[in-house]
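I am attaching a structure below and will ask some questions about it afterwards.
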Amino acid sequence: QVQLVESGGGLVQAGDSLTLSCVVSGRTFSTLTMGWFRQAPGKEREHVAAIGSNYITYYTDSVKGRFTISRVNGKKTVYLRMNNLKPEDTAVYYCAARAGPYTPAPSFYKDWGQGTQVTVSS
């Protein structure tokens, strides 16, 4: 059974940085497409960033230039470095795994972590 465990969320001020981590167990991590998603209260879950098994990265427009996704296969870990955080980045952030090519659609990711809260104050 696949398990994903996120960490690194917290309360920060606008302009600050955070790094989220997601450790994966139970699958061949190196073959997975890994995604970060977020969900704010009253809103749908949205794609933030993803990284394929070939290390190609994808970002939603609102975080380009501020967020960086990376992976370390030897640690079975995917990271999301978030710089210049804004109040509109406030959400629960989830990592997810997909045994297939990149897609931004949450419904195509089979395995999910429990989420970590990121709150950005103005």
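The values are calculated or read from the model by the stated rules, or taken from the named source; none is laboratory data. Because the structure is a prediction, the values reported are computed rather than measured. Cβ placement follows ideal geometry from the backbone for every residue including glycine, while neighbour counts extend to all protein chains displayed. Note: areas computed on protein heavy atoms with side chains; ligands, DNA, RNA excluded. Shrake-Rupley method; radii C 1.70, N 1.55, O 1.52, S 1.80 Å.
Restricting to strands (runs of 3 or more DSSP E) lying wholly in the stretch 54-110: which have 3 or more residues that are touching a Phe, Trp or Tyr at 6+ places or on another chain (Cβ under 6 Å)? Show your work before the answer.
Values: elements: 57-59, 67-72, 77-82, 91-98.
Fully inside the stretch 54-110 and qualifying: 91-98.
Still on this structure, please answer the following. Just checking, how many residues over the stretch 35-56 are within 15 Å of Glu88 (Cβ to Cβ), of a type in the set (Gly, Ala, Ser) and either in contact (Cβ under 8 Å) with a residue 60 or more places away in the chain or open to solvent by 60 Å² or more (accessible area, probe 1.4 Å) (or both)?
So the count comes out to 1.
Same structure again: Of the numbered conditions (1) within 15 Å of Asp111 (Cβ to Cβ); (2) over 11 Å from the mean Cα position of the chain (by Cα), Met34 satisfies every one except a single condition; which is it?
(2)
Could you tell me which residue of the stretch 18-34 is modelled with the highest pLDDT, considering only residues that are more than 16 Å from Val92 (Cα to Cα) and open to solvent by 20 Å² or more (accessible area, probe 1.4 Å)?
Of the stretch 18-34, the ones more than 16 Å from Val92 (Cα to Cα) are 23-34.
Adding the requirement that they be open to solvent by 20 Å² or more (accessible area, probe 1.4 Å) leaves 23, 25-28, 30-31.
Numbers: Val23: 98, Ser25: 94, Gly26: 83, Arg27: 75, Thr28: 88, Ser30: 95, Thr31: 94.
My answer is Val23.
Here is a further query. Do you know which residues across the stretch 7-17 are buried (at least 16 other Cβ atoms within 10 Å of the Cβ) and more than 14 Å from Pro87 (Cβ to Cβ)? Walk me through how you get there before you give the answer.
Filtering the stretch 7-17 for residues buried (at least 16 other Cβ atoms within 10 Å of the Cβ) gives 8-9, 12.
Answer for the stretch 7-17, where residues must be buried (at least 16 other Cβ atoms within 10 Å of the Cβ) and more than 14 Å from Pro87 (Cβ to Cβ): Gly8, Gly9.
What pairs can you find where one residue is in the stretch 63-85 and open to solvent by 60 Å² or more (accessible area, probe 1.4 Å), the other is among the basic types (Lys, Arg), and their Cβ atoms are less than 6 Å apart, with a gap of 6+ or different chains?
Thr68/Arg81; Asn84/Arg66
Which members of the stretch 101-122 meet the condition of being small (Gly, Ala, Ser), open to solvent by less than 50 Å² (accessible area, probe 1.4 Å) and on the phi < 0 side of the Ramachandran plot? Write out each step before concluding.
To start, the set of residues in the stretch 101-122 that are small (Gly, Ala, Ser) comprises 105, 107, 113, 115, 121-122.
Now narrow it down to the ones that are open to solvent by less than 50 Å² (accessible area, probe 1.4 Å): 105, 113, 115, 121.
Ala105, Gly113, Ser121, listed by residue number.
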